[in-house]
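Taking it in order: structure first as structure tokens, then the write-up.
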Amino acid sequence: MNLAAMDPTTYDAQLTAKRIKLEQAFAQFETPSVEVFASEPAHYRMRAEFRVWHEGDDLYYYMFDKVLNDKVRCDQYLPASALINQMMAALIAELKPNHSLRHKLFQVDFLSTLSGEILVSLLYHRQLDDQWRSEAAALKARLSSQFKVNIIGRARKQKIDLDKDFVVESLQVNDKVFHYKQIENSFTQPNAKVAIKMLEWAIDVTQHSQGDLLELYCGNGNFSIALAQNFNRVLATELAKPSVDAAQYNIEVNNIDNLQIIRMSAEEFSDAMAKKRSFRRLEGIDLDSYVCNTIFVDPPRAGIDPATLELVQGYERILYISCNPDTLKDNLQQLNQTHKVTRFALFDQFPYTDHMETGVLLERR
């Protein structure tokens, strides 16, 4: 992290530079004009992780600055949500005089929401005992007068939840509010306001769709729940069990009745669709009954594996969200042979960094 680059007065210039870089990188694909979705220039991250430094009676958060090649004290943190910044100050004031809670504490993770909930995870280089649990419960009670907070203690092979290990986020997407269970230590979109713009863009580009939707790498159902309104049915896959459990919760709380989640990897699902293997997890699910003209993919940074890429190429329309333009570009070398890019977007999830979240809609030539 380059803390010196985090200057809101330079944000517009940095975003323009990203747009130009993206346009140049993808010029060979003759993309339409890039649609740019800006972030708030400050307090945009819903989660943040800090190391904890002990110095006599003092105790403070720090991060490592790769430019300075040194740790930097962080009493406040510009990218983090206003709620995280408020909790940072309140929490450190509680921890400093409390030997049980600060003893061998080495990291604090925060997960906040636009809906006002915040989860605090305290990580230790020691085993947590009954005294820790008692002190942590008292801490939660005191902080609860100001915050909707839950606290988790973590140590090697140990996790203590005082109440629950998740928050529920509420996102206003166009004229609807969607609720999402977000579990501690699982992937969630870090920039909630840009995540809303991503959902609205995905809904827009799939309006008036025909048939059903297949989604790979669905996570907690973030996109599939919002996109269900545009399709007859949605079939989605995800491998991580905590994410699948959260997705099932989210389907129920949002009253979605046309979405089916399968716990499978993209590679396994590709084999199932190609009739290469049979899976017990697919019992009772008639894959042939789905009429999927559109496929949605939001793969990890490594991009799409060759077998899955071949599967993806078989659909009329491909909606691809990427957190890594380099692997997206690699995948487009093949997809561009049969499909053309008809929508192209830059979502600035990570201001002041080189990271770019991109979206493309491809339609068969």
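Before moving on, here are some points about what is shown:
- Pick from the stretch 355-365, criterion open to solvent by 60 Å² or more (accessible area, probe 1.4 Å) and part of a loop (DSSP other than H, G, I, E, B), ranking: nearest to Lys66 (Cα to Cα): His355
- One residue from Thr31, Thr16 being farther than 28 Å from Asn150 by Cβ, of a type outside the set (Asp, Glu) and assigned to a loop (DSSP other than H, G, I, E, B): Thr31
- Subset of the stretch 325-354 [within 21 Å of Pro300 (Cβ to Cβ), assigned to a loop (DSSP other than H, G, I, E, B) and open to solvent by 20 Å² or more (accessible area, probe 1.4 Å)]: Phe350, Thr353, Asp354
- Given (1) under 30 Å from Asp12 (Cα atoms); (2) at pLDDT below 95, number of the condition Arg343 does not satisfy: (2)
- Residue within the stretch 184-202 that is at pLDDT 95 or above, part of a helix (DSSP H, G or I), closer than 21 Å to Ala246 by Cα and open to solvent by 20 Å² or more (accessible area, probe 1.4 Å) present: yes
- Figure legend. Inter-residue proximity from the stretch 42-70: first residues at positive phi, second residues of a type in the set (Gly, Ala, Ser) and outside any strand (DSSP E or B), beta-carbon distance below 7 Å, spacing 6+ or different chains. Indicated pairs: His43/Ser81; His43/Ala82.
- Just one residue in the set Glu49, Glu35 is under 23 Å from Asn191 (Cα atoms), in contact with a Lys or Arg (Cβ under 8 Å, 6 or more places away or on another chain) and among the acidic types (Asp, Glu); that residue is Glu35.
- Ile203 being over 25 Å from Asp130 (Cα atoms) and β-branched (Val, Ile, Thr): yes
- Residues located in the stretch 219-236, provided they are within 16 Å of the chain's Cα centre (by Cα) and without any contact (Cβ under 8 Å) to a residue 60 or more places away in the chain: Asn220, Gly221, Asn222, Ile225, Ala226
- Residues that are open to solvent by less than 10 Å² (accessible area, probe 1.4 Å) and of a type in the set (A, V, I, L, M, F, W, C) number at least 2 in the following strands (runs of 3 or more DSSP E) confined to the stretch 212-308: 212-216, 234-238, 292-297.
- Index of the failed condition, Glu169 passing every other in (1) closer than 30 Å to Thr358 by Cα; (2) open to solvent by 40 Å² or more (accessible area, probe 1.4 Å); (3) touching a Ser or Thr at 6+ places or on another chain (Cβ under 6 Å); (4) of a type in the set (Asp, Glu): (2)
- Residues of the stretch 40-76 satisfying the condition of being closer than 24 Å to Phe347 by Cα and open to solvent by less than 10 Å² (accessible area, probe 1.4 Å): Ala48
The values are calculated or read from the model by the stated rules, or taken from the named source; none is laboratory data. Note that the structure is a prediction, hence the values are computed from the model and not measured. Positions of Cβ are backbone-derived with ideal geometry, glycine not excepted, and every protein chain shown enters the neighbour counts. Note: areas computed on protein heavy atoms with side chains; ligands, DNA, RNA excluded. Shrake-Rupley method; radii C 1.70, N 1.55, O 1.52, S 1.80 Å.
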